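Peer 1: First the structure, then my questions, so here it is.
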Protein chains: 2
Amino acid sequence: MPPPRVIAPFHGEHNHRKCLDQAMQRAEAACLQQGVRLTELRRQVLSLVWENHSPTRAYDILARLKEKGRRPAPPTAYRALEFLRSAGLVHRIESLNAYVGCADPMVGHSSQFFICDRCDAVAEVHDTGVTEHLTRNAERLGLHTARHTVEIHGICTRCYHNDQT
Amino acid sequence: MPPPRVIAPFHGEHNHRKCLDQAMQRAEAACLQQGVRLTELRRQVLSLVWENHSPTRAYDILARLKEKGRRPAPPTAYRALEFLRSAGLVHRIESLNAYVGCADPMVGHSSQFFICDRCDAVAEVHDTGVTEHLTRNAERLGLHTARHTVEIHGICTRCYHNDQT
DNA sequence: GATAGAAGTGTTATACTGTAACAACCCTGC
DNA sequence: GCAGGGTTGTTACAGTATAACACTTCTATC
Ligand SMILES: [Zn+2]
Ligand SMILES: [Zn+2]
Ligand SMILES: [Zn+2]
Ligand SMILES: [Zn+2]
């Protein structure tokens, strides 16, 4: 079994511009491969989700789209987000009603998300051990699995230390 | 490591009246032990959640409370549900915005939920293997864990077979 | 038992999240 | 060009959740 792979860690100091560019490039490639259209609107929404590594809510997307000159209504944002999700380019965090970009869209994965409730940082992990346990349980119960939602909430080290001071 | 324990299975043929009575009894005991008050309203809401083993939404609770002669507004339901959740008597299914009764409230557990998207049946499982995997990952990332959300969606065997016919 | 404080519930209003339905537009292949 | 499907715009509304304050009920203490 391969070791758990951290797709996006907490607070990684990095050139985020690079993050964003890479995400957009991978999105173009993924859509090309899947034969679906990454339109200008979808590109804009994806880049908004990728503005940072915290979960983005649909109505935040709407507000930012307005700033960009569009006059969008809710369905505009939800449709774009649903497209991106089905293409594997973003994940939905159910416990927050929000979306994060996926840094590795080309592999079909069911990830686990570790979320800091103080600073909103999210780490995406792909631990096949967890997945196998869940799959085994599903089989035992007779559930033909469609999707996993695994979201762990807590306080990240940085925020935890800040609280002590 | 103990084997995964199925707290509530799919479609178990059973005397549900017994289910309900037992749940209410355990709730009384749990509240007594925790030194919190299981008021009449909270008792009513808990019994509504326990009417069946499918997730119950807050506004369904509201509607049923109206039938029982109250004239409740949303906060009434949400406050009762939040109380029951904090007392460990119900779990919230994040991916459905709904609540299910917990059949084993006395043990502090973080469960996994297996959900049939066709018939809404929910199975609650307590697999320490899953929990340990997640805990290990949280430690590695430096997340001081507060709560787990593990929800597996799919189609249960019974519904799957019905679809074939 | 009176009485203050805490806990619980009622009530109004409002914010946030998400979708149905239909119109208009645009792209692609014929 | 011109159908036809996919995408976006637009209006309206459904569903989920909380803030704020009033009122009641319970509990502890005198
Ligand atoms: Zn980045
Ligand atoms: Zn943090
Ligand atoms: Zn039952
Ligand atoms: Zn089913």
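All of the numbers you see were taken from the coordinates with simple rules; none came from a lab. Here the structure is a predicted model, which means the values were calculated and not measured. Reconstructed Cβ throughout: ideal geometry from the backbone, glycine too, with neighbour counts over all protein chains shown.
Peer 1: At a Förster distance of 41 Å, what's the computed FRET efficiency of B:VAL107 paired with A:TYR78, Cβ-Cβ distance as r, to 0.05? Display every interim value, and only then the final one.
Peer 2: On the way: r = 39 Å, r/R0 = 0.96.
Taking R0 as 41 Å, the efficiency between B:VAL107 and A:TYR78 is 0.55.
Peer 1: Non-local amide H neighbours of B:ALA121 (under 5 Å, H modeled in plane, Pro and chain starts lacking H): which ones?
Peer 2: It is B:CYS116, by chain and number.
Peer 1: When chain B is modelled as a GNM with alpha-carbon springs shorter than 10 Å, which of B:THR145, B:THR56, B:THR76 fluctuates the most?
Peer 2: Residue with maximal mean-square fluctuation among B:THR145, B:THR56, B:THR76: B:THR145.
Peer 1: Here is a follow-up. Using R₀ = 22 Å, calculate the FRET efficiency as 1/(1 + (r/R₀)^6) where r is the Cβ-Cβ separation of B:CYS119 and B:GLU67; round to 0.05. Present the calculation step by step, with values, prior to reporting the outcome.
Peer 2: Details: r = 24 Å, r/R0 = 1.10.
Computed FRET efficiency for B:CYS119 and B:GLU67: 0.35.
Peer 1: If you don't mind, another one. Springs between alpha-carbon atoms under 10 Å, Gaussian network over chain A: tell me which of A:VAL36, A:VAL49, A:VAL107 tops the mean-square fluctuations.
Peer 2: A:VAL107
Peer 1: Moving on to the next point. Within region A:2-59, which trypsin sites (Lys or Arg not before Pro) sit in a loop by DSSP and count at most 14 neighbouring Cβ atoms inside 10 Å?
Peer 2: Qualifying residues, ordered by number: A:ARG37.
Peer 1: Also: Post the alpha-carbon centroid distance, region B:88-165 to region A:20-73, in whole angstrom.
Peer 2: That distance is 31 Å.
Peer 1: Mind telling me which of A:ASN97, A:ASN52, A:ASN137 comes out most flexible in a GNM of chain A, alpha-carbon contacts under 10 Å?
Peer 2: Evaluated over chain A, the most mobile residue of the options is A:ASN137.
Peer 1: Calculate log10 I(q)/I(0) of region B:1-106 for q = 0.13 Å⁻¹, where I(q) comes from the Debye formula with a single equal point scatterer on each Cα and nothing for solvent.
Peer 2: Reported log10 I(q)/I(0), two decimals: -0.46.
Peer 1: Quick one: of the DSSP bridges fully inside chain B, what percent are antiparallel, nearest 5?
Peer 2: Approximately 75 percent, going by the DSSP bridge assignments.
Peer 1: Run the numbers for A:ASP60 and A:HIS11: contour at 0.36 nm per residue of separation, minus the present Cα-Cα distance, in nm.
Peer 2: Gain on extension, A:ASP60 to A:HIS11, equals 15.5 nm.
Peer 1: So which GluC sites (Glu not before Pro) in region A:30-83 are both in a DSSP loop and have at most 15 other Cβ atoms within 10 Å of their Cβ?
Peer 2: Loop-located and lightly packed - A:GLU51.
Peer 1: Quantify how much of the Cα-Cα distance distribution of region A:77-165 extends past 21 Å, in percent.
Peer 2: Everything past 21 Å amounts to 43 percent.
Peer 1: Only four residue types carry charge here, +1 at the Cβ of Lys and Arg and -1 at the Cβ of Asp and Glu. Report the dipole size of the protein assembly as shown about the Cα centre in Debye, rounded to the nearest 20.
Peer 2: 960 debye
Peer 1: If you take the Cα Rg of the protein assembly as shown and divide it by 2.2 N^0.38 Å, with N the number of residues, what do you get?
Peer 2: Numbers: Rg = 21.5 Å, N = 330, 2.2 N^0.38 = 19.9 Å.
Relative to the 2.2 N^0.38 Å estimate, the protein assembly as shown comes out at 1.08.
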